[in-house]
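The values are calculated or read from the model by the stated rules, or taken from the named source; none is laboratory data. Treat the numbers as computed from the prediction; the structure is a model and nothing was measured. As a convention, Cβ positions derive from the backbone with ideal geometry for all residues, glycine included, and neighbour counts pool all protein chains shown.
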Amino acid sequence: MSDQVWNPHCPVPTASDDERITLAHGEGGRLARRLIEQRIVPKLFNATLARLGDAALLPRSEYPLAFTADSFVVSPLFFPGGNIGTLAVFGTANDLAVAGARPRWLSLSFILEEGLPFDVFDQVLTSIAKAAARIDVQIVTGDTKVVPRGAADRMFIQTTGIGELVDPPPLGPSALVPGDELLVSGPIGRHGIAVLSAREGLAVEPAPVSDCGPLLAAVDSLRTAGVNVRAMRDATRGGVAAVLHEWAQASRTMLAIDERQVPVTPDVRGICELLGLDPLHVANEGTMVVAIEPGEADKALAALRQHTSFTQAARIGTVEPAGLAPVVVRRALGRAQPLDEPLGAPLPRIC
């Protein structure tokens, strides 16, 4: 006889389940329909979503399309500056924006753990609706599944995003050449430190706040100003260091940055020093790295600093001929040294 213990789960809600997600909410029956029609659709309403078809029927576009996919498993679900819902919308839209596309349509698929309180789900849905409205993007399709207690951590979200390419899109990191300049759109490491502080209950006052937010306005400003952009990338997992290493490999050049020019907020710097972390390796969710043609830095920074979210945009380095290391950083004492590529995240599940 098998040693495995069978733990039955009743999909039918009891009176005590009225305020929580049950397995039946993911089984396609009456309760699943009520969840979609009474909670999801009213908050995310648009004509395309309201059809509730097996596929969203999108209007014909006169532009080439960009397509991306992402998944979000952040813990905790709520953190200073955002939650898993805002993260899902902005994270997916930012991937399209830095590729040179204007986000138009998103799908959202929820994997919910049995027992999740409805008020938590409603808070996330409200945040999703506000984030989507902020960047004028529509949630047009999705899916909902419920798994037994212990099979997930409250809520996971999977997304896809479609955007219309705005001509001309950036050439990409393979186009980098020596002399190009490197920028960041704002202080780095804020998202990773905010999630770390919330998860571990660090007694920091004021609490670090994530940079979770949209990059579309920053990208549009660079385009409107006529800045010749080689490449853009939102510096999420692995932080700025991961982006620089990817670009160095793609372009077969060396990327050199000056640590003194990299903007870091005092709270992020202090926590990193306390825990032995390098801000260059810490994740962001509303900050991008930009490579531009030589001599364009002043114009690019002026364009970015028009927006309150990017007033601390800074030039941090240059692209140089290939050297002994793919990425080097000049530290505070003035000596240049190789910047290690992240082997893994210092903090897992930050997005």
When the range 271-309 is checked residue by residue, the ones that are out of contact with any helix residue (DSSP H, G or I) (no Cβ under 9 Å at 6 or more places or on another chain), among the aliphatic types (A, V, I, L, M) and farther than 17 Å from L182 by Cα are L274
Restricting the range 214-237 to residues that are part of a loop (DSSP other than H, G, I, E, B) and at pLDDT 95 or above, the one surrounded by the fewest Cβ atoms within 10 Å (Cβ to Cβ) turns out to be G226
Within the range 113-162, residues under 18 Å from E37 (Cα atoms), of a type in the set (A, V, I, L, M) and not in a helix (DSSP H, G or I) come out as I139, V140, V146
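Taking L96 as the residue in question, decide whether it is touching an Asp or Glu at 6+ places or on another chain (Cβ under 7 Å), touching a residue at least 40 places away in the same chain (Cβ under 8 Å) and hydrophobic (A, V, I, L, M, F, W, C). So that I can check it myself, show each step before the final result.
On the way: touching an Asp or Glu at 6+ places or on another chain (Cβ under 7 Å): no; touching a residue at least 40 places away in the same chain (Cβ under 8 Å): yes; hydrophobic (A, V, I, L, M, F, W, C): yes.
So L96 does not fit the description; no.
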For the range 134-142, check the following and say yes or no: at least one residue is in the same structural domain as T253 (by TED's automatic domain parsing) and in contact with a Leu (Cβ under 7 Å, 6 or more places away or on another chain). no
| said: Condition first: buried (at least 18 other Cβ atoms within 10 Å of the Cβ), touching a residue at least 24 places away in the same chain (Cβ under 8 Å) and either assigned to a loop (DSSP other than H, G, I, E, B) or among the aromatic types (F, W, Y) (or both). Can you find one or more residues in the range 25-33 that meet it? | reply: no
Checked G317, G295, G286 against criteria (assigned by TED's automatic domain parsing to the domain that holds L244 and in contact with a Cys (Cβ under 6 Å, 6 or more places away or on another chain)); the one match is G286
A careful count of residues in the range 276-303 that are farther than 17 Å from L339 by Cα, surrounded by 14 or more Cβ atoms within 10 Å (Cβ to Cβ) and among the aliphatic types (A, V, I, L, M) gives 8
Of (1) under 30 Å from A194 (Cβ atoms); (2) in contact with a Leu (Cβ under 6 Å, 6 or more places away or on another chain), P64 satisfies every one except (1)
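Being of a type outside the set (S, T, N, Q), assigned to a loop (DSSP other than H, G, I, E, B), in contact with a Lys or Arg (Cβ under 7 Å, 6 or more places away or on another chain) and at pLDDT below 95 narrows it down to one residue among A322, A283, A345; which is it?
A345 is the lone residue from the list that is of a type outside the set (S, T, N, Q), assigned to a loop (DSSP other than H, G, I, E, B), in contact with a Lys or Arg (Cβ under 7 Å, 6 or more places away or on another chain) and at pLDDT below 95.
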Within the range 163-210, residues being in a loop (DSSP other than H, G, I, E, B), surrounded by 21 or more Cβ atoms within 10 Å (Cβ to Cβ) and among the aliphatic types (A, V, I, L, M) number 2
